[in-house]
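A short reminder: the numbers here are calculations on the coordinates, not readings from a lab. Remember, it's a predicted structure, so these values are computed and weren't measured experimentally. Ideal geometry is used to build each Cβ from the backbone, glycine not excepted, and the neighbour counts take in all protein chains shown.
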Amino acid sequence: MSLKFTPKKFKSEGPGTPDLSLLKGCGTNVIIEDGVRIFHPENIVLGDNVYIGHDTILKGYYATETIIGNNVWIGQQCFVMGAGGLTIGDCVGIGPQVKIHPCRHENDRLDIPTSFQKIIFDPIIIDTDVNIGIGAMVMAGVTLRKGCIVGANSVVTKSFPEFSIIAGVPAKIIRSRQG
């Protein structure tokens, strides 16, 4: 069962419907399924006709914005991280269990454990008319240009031209949608 947002006390975890007024911006016809967790709503903008599937984590960040365009569908159990900056364009489909993560640890020094090394924030841009298949991962610094399709369970570590169909670990171009 899906729930249309009705203002209630905002919770960043657990059941309940977040208070839309705490978001930096919110369009109309926004549907959030049960169990969605939203962190740092003050830096998240949702466009019109946005759907976010149940048990998704929408993790904004205190220092950067997460912008989600119009007519965006985000499937169930996704992890969408805004640290480093995240822009999702219009008419984007994001399959269930997709992970979007725009930061990583440096790993240059051998005398410091990797998890204690500096975090590098590198924005992710998902352009208009992109479709990301179930279970895929989109990593720091990637731009998925207009019309790209990402195959299920792919790991996207670099950017690709418009209308590319990409798949694999790491993702590679399978073909172009332009012929």
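Legend: distances between Cα atoms for 24/146; 24/59; 146/172; pairs beyond 18 Å are 24/146.
DSSP beta bridges fully contained in the chain are about 25 percent antiparallel.
When the Cα gyration tensor is reduced to axis lengths a ≥ b ≥ c, the ratio a/c is 1.5 or higher for region 30-80, and with a/b not above b/c it is classed as oblate. Protection proxy ranking for 62-68, 167-173, using the average of other Cβ atoms within 10 Å per residue and placing the highest first: 62-68, 167-173. Under the shape rule built on the C-alpha gyration tensor, where the axes satisfy a ≥ b ≥ c, region 19-176 is oblate, since a/c reaches at least 1.5 while a/b does not exceed b/c. Relative to the Cα centre, the charge distribution of region 19-176, modelled as +1 at Lys and Arg Cβ and -1 at Asp and Glu Cβ, gives a dipole magnitude of about 500 debye. Within region 51-148, the trypsin sites (Lys or Arg not before Pro) that combine a DSSP coil assignment with at most 16 other C-beta atoms in a 10 angstrom radius are 109, 118, 146.
The phi-based Karplus calculation (6.51 cos²θ - 1.76 cosθ + 1.60; θ = phi - 60°) puts the 3J(HN,Hα) values of region 144-149 at 9, 6, 2, x, 5, 10 Hz, whole numbers, x for Gly and Pro.
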